[in-house]
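Report on the structure given below.
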Amino acid sequence: MINLILFGPPGSGKGTQAAKLVDHFNLVHISTGDLFRYEMGNNTPLGLEAKSYMAKGQLVPDSVTIGMLKNKVDQHPEAQGFIFDGFPRTIPQAEALDQLLNGMKAPITALVKLDVGDEEIVQRILGRGATSGRTDDNDESVIRKRIDVYKSETTPVYDFYDEQGKSHSVSGTGTIEEIFDRLTTLIEGLS
Ligand code: AMP
């Protein structure tokens, strides 16, 4: 079983690359951002709770996010592995994920970070906002807030897995295929 965390700031290409990696390695893709947007689109209680946080670029509380993630993992007993995209974003989320996967005897294989500079991110997300229909992609102050939250709350997750010898990073700039080649080379080289 391969369990990967695709890591990096908002707009670093995690969703795009995860979609390609799941095909290549036959994994299940779990994006907590996509799950929240699905719940919001259906006006569920979970979606309504997440909405106000997402609109401001803040993180949805850990208890809500962790519960949703566990449910999703439980729905895939057949999975040969998972790609976690946009999760974990806090240390408590990382601890909960490790506990869940260790209980399944399938711990995280690696965390792979996509490195992209702040200004490129802002431009990419504003570009995406023109077509994504995401309100959090259209407001530059919300985008900058998301980058700040990534730096303050989420980057410690990189160090958490680095202490386990599992963190790696690749450049997230270039063409989609170039970045995909970097990722597959790295992942195939993991022992
Ligand atoms: P994303 O699509 O990954 O950029 O996530 C969009 C928004 O969903 C974030 O700005 C957060 O408000 C929320 N979100 C997604 N994943 C998480 C998470 N793991 N923990 C808390 N909030 C999250």
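The values are calculated or read from the model by the stated rules, or taken from the named source; none is laboratory data. This one's a predicted model, so the numbers in the text were calculated from it and none came from an experiment. Neighbour counts are summed over all protein chains in view; Cβ atoms, including those assigned to glycine, are modelled from backbone coordinates with ideal geometry. Ligands, DNA and RNA are stripped out before the accessible areas are found, and what is left, the full protein with its side chains, is counted by its heavy atoms. Shrake-Rupley method; radii C 1.70, N 1.55, O 1.52, S 1.80 Å.
Descriptive notes on the structure:
- Charge-dipole axis of the stretch 2-190 as Lys and Arg at +1 and Asp and Glu at -1 on Cβ define it, positive-most pick from Phe7, Met68, Leu100: Met68
- The residues of the chain present an accessible area of 48 Å² per residue when probed at 1.4 Å with all protein chains retained.
- Using heavy atoms of the protein chains and a probe of 1.4 Å, the accessible area assigned to Glu120 is about 80 Å².
- Among residues other than Pro88 with Cβ under 15 Å from its Cβ, the summed charge is -2 (Lys and Arg +1, Asp and Glu -1).
- Summed side-chain charge close to Val149 - residues other than Val149 whose Cβ falls under 14 Å, Lys, Arg +1, Asp, Glu -1: +1
- Between the stretch 128-191 and the stretch 88-126, the C-alpha centres lie 8 angstrom from each other.
- FRET efficiency, 1/(1 + (r/R0)^6) with R0 22 Å, evaluated for Asp74 and Glu95 via beta carbons: 0.75
- Counting DSSP beta bridges with both ends in the chain, the antiparallel % (nearest 5): 0 percent
- Per atom type, the chain shows carbon and sulfur on 50% of its accessible surface, probed at 1.4 Å.
- Inter-part distance where the stretch 39-63 and the stretch 11-26 are each reduced to a Cα centre, Å: 24 Å
- In summary, the aspartates and glutamates within cross-link reach of Lys166, defined as a Cα separation below 18 angstrom excluding same-chain residues under 8 places away, comprise Asp85, Glu95, Asp98, Asp115, Glu188.
- Pairs from Lys20/Lys145; Lys20/Lys105; Lys20/Lys151; Lys14/Lys151 whose Cα-Cα separation, in the structure shown, is over 21 Å: Lys20/Lys145; Lys20/Lys105; Lys20/Lys151
- Where only DSSP H runs of four or more residues are counted, the chain gives -17000 deg cm²/dmol as its mean residue ellipticity at 222 nm, each run worth -39500 (n - 2.57).
- A Förster radius of 25 Å combined with the Cβ-Cβ distance from Tyr38 to Asp62 puts the calculated FRET efficiency at roughly 0.80.
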